[in-house]
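Report on one structure; see the data block that follows.
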Amino acid sequence: MKNILTVYTGGTICSFAQEEGRSLNVTAAKRIIVDNFIRGGRKGGETVEEGLFEDSGLEATTLSENMTVGKLDSIIRHIVTFDLDKYAGVIVLHGTDTLAYSTVVLSLLFERAPVPIMLVSANRPPDDPLTNANANFRTAAELIMAGIAPGVYVPYRNLDGTMWLHEGAALMQCANFSDDFYSAPGEKAYVVDQEGARDSMENMLSEIYCRHIEKKKEGGRSLLSKYAGLEDTVLCISPYVGIRYDRISLEGIRAVVHGTFHSGTVCVERNAPEESFSSASILSLAERCERKGIPLFLAPCILGCEQYSSTYDAVQNGHIVPLNMATETAYARIMTGVSCGYAKEALKEFVQDRFG
């Protein structure tokens, strides 16, 4: 069997508890995680070769909360230096805090990669008895060895013991004060292992393969052919009481992603009686974006009869593009589009065409 290329980017899965807090020790993490897998063998009792996992030699590692656009770009550039056809698959070890951002970007750029790419993270360091690090890594390796179709995936065991396989582009951020990950509503996630319930491995791999074939039929070129480096030119804004859009600079910005309150709403307050937009209204930001030719996206936003009139007002009068996806997902996708050369109206068409 071909080797599995293993990229160690850092995160909790590559960390250990110290007096000053958890800190990175990638060398120790490699030894523990890989040794645990090899000693355990494969399900069914098959032995595992010592040299199965090839270390990619990434020199720059980080706790995921310290991830930057530049660091993520360096990871992408590192992976593309390898001829992936020579490998059975790729495992990228990554922290949980910014996992969804990195996963979405890699899902888009490597959607036509010839092998599966697994992003593996952990809720606790790999030597902690309560960690899911080893289980997540084992699932990733076994799925690659079982011949899962090319794509970007995240295997992750939640606290209830359920091991999920998420398609990378559908992964949502882990909620505050939670150790669980979920896919976006309406997106397919597979139960790999759960007490009393398990998707048939054969059926799961077959379904994933069929989905892979359907995507290939859509045609088109890989975004990597357009990729010139990840750009830090997308502004992401979260709404809050007291926001003042006149305090937000648009200098050097090529696109804006604006989040919503939990019910999908944003402030559209006007200054009576003049009916001008207040500095707290997203419409004041929309006016500035329109003058500068900067596309403004609203996410998550679902228009319909149950939506509030404020959101309808924002979309209709502010020429704002609504996106039915999480804010961080929209940000990662739009940043990828910008980094592949899409701008202004072309960026809107790119996002709407690909994501609805």
Output yes when any residue across the stretch 138-158 is among the aliphatic types (A, V, I, L, M) and within 12 Å of the chain's Cα centre (by Cα), and no when none is.
yes
Is it true that some residue in the stretch 49-61 is touching a Gly at 6+ places or on another chain (Cβ under 8 Å) and at pLDDT 90 or above?
yes
Unmet requirement for Thr27, which otherwise passes all of (1) open to solvent by less than 20 Å² (accessible area, probe 1.4 Å); (2) without any contact (Cβ under 8 Å) to a residue 60 or more places away in the chain; (3) not acidic (Asp, Glu):
(1)
What's the number of the only condition in (1) assigned to a loop (DSSP other than H, G, I, E, B); (2) within 29 Å of Gly168 (Cα to Cα); (3) open to solvent by 30 Å² or more (accessible area, probe 1.4 Å) that Ser249 fails to meet?
(2)
Looking for something among the small types (Gly, Ala, Ser), in contact with a Phe, Trp or Tyr (Cβ under 8 Å, 6 or more places away or on another chain) and either at pLDDT 95 or above or open to solvent by less than 50 Å² (accessible area, probe 1.4 Å) (or both) - is there at least one such residue anywhere in the stretch 339-349?
yes
Please enumerate the residues belonging to the stretch 196-244 that are under 25 Å from Gly337 (Cα atoms) and part of a helix (DSSP H, G or I).
Arg211, His212, Ile213, Glu214, Lys215, Lys216, Lys217, Leu223, Leu224, Ser225
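Every residue, every condition in (1) among the charged types (D, E, K, R); (2) modelled with pLDDT of 95 or more; (3) in contact with a Pro (Cβ under 9 Å, 6 or more places away or on another chain), yes or no:
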residue	(1), (2), (3)
Val268	no, no, no
Glu275	yes, no, no
Ser278	no, no, no
Val315	no, no, yes
Leu323	no, no, yes
Tell me yes or no: at least one residue of the stretch 271-294 is open to solvent by 50 Å² or more (accessible area, probe 1.4 Å), touching a Leu at 6+ places or on another chain (Cβ under 8 Å) and in a strand (DSSP E or B).
yes
Inspect all residues belonging to the stretch 48-67 and state whether any of them is open to solvent by less than 60 Å² (accessible area, probe 1.4 Å), in a helix (DSSP H, G or I), in contact (Cβ under 8 Å) with a residue 60 or more places away in the chain and under 27 Å from Asp127 (Cβ atoms).
no
Within the stretch 311-335, which residues are open to solvent by less than 30 Å² (accessible area, probe 1.4 Å) and part of a helix (DSSP H, G or I)?
Thr311, Asp313, Ala314, Val315, Gly318, Thr327, Thr329, Ala330, Ala332, Ile334, Met335
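The values are calculated or read from the model by the stated rules, or taken from the named source; none is laboratory data. Bear in mind the structure is a predicted one, so any value in this text is a computation, not a measurement. Using ideal geometry, Cβ is built from the backbone for each residue, glycine included, and neighbour counts are taken over all protein chains shown. Each accessible area value is taken on the protein alone, full model and side chains, heavy atoms only, with ligands, DNA and RNA left out. Shrake-Rupley method; radii C 1.70, N 1.55, O 1.52, S 1.80 Å.
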